[in-house]
1. For the Cα atoms of the chain, what angle does the longest principal axis make with the long axis of helix 61-71, in degrees from 0 to 90, nearest 10?
2. Nearest 10 degrees, 0 to 90: what angle lies between the long axis of helix 107-119 and the longest principal axis of the chain (Cα atoms)?
3. Could you tell me what percent of the DSSP beta bridges with both partners in region 62-198 are antiparallel, to the nearest 5?
4. In whole angstrom, note down how far apart the Cα centers of region 125-150 and region 167-197 are.
5. In whole angstrom, note down how far apart the Cα centers of region 40-55 and region 1-35 are.
6. Looking at region 62-198, I'd like the Rg to Rh ratio, where Rg is from alpha-carbon atoms and Rh is Kirkwood's inverse mean 1/r.
């Protein structure tokens, strides 16, 4: 499989819907095939989600690009990710933000992601085992927060960890289908933008789903 040839084809597909050139550049740079099981590597640059074991998935590249674009990251920003998973989204964030803090509740995934991210040379990422309370409060406030798992509502604990004018991107809905929301925290209120339907694994923890 010629991964170097396949990756630009995927990026050209994404260009039809993703305007942020920095996000596209990040996705051009990060080798998605390293983050998935070897037996699925031939599908690494298809625009589809793929299983990574333990009932978890690596998201469809379009969804990764869309969620990242809506965070509006720059090198001056600090971002929190809920659900390290394979580490692929983490790597995309690290290409764009100054600092990435990521939490994962499954130790096997956290360990695998740490190995790959270290191998790729990222030095602006902190990985932590997920706490019972959502997020990573000791690192707050964050300029941006992304959840790669769906919650039944927008968790207040995550809004509390967001800086003023910060952005939270999170799937909200049932176990089986959600809608993708962009929450912008202002001084006195919040803006809630609904981007439409999506499907993610369930977010586990307080203000989310029970295991």
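No value in this document is a laboratory result; all are computed from the given coordinates. Computed from a prediction, not measured in an experiment: that's the story for all the values here.
1. So the helix axis and the longest Cα principal axis differ by about 40 degrees.
2. Helix 107-119 sits roughly 60 degrees off the main axis of the chain.
3. 40 percent
4. 16 Å
5. A separation of 15 Å, based on Cα centres.
6. Ratio of gyration radius to Kirkwood radius: 0.94.
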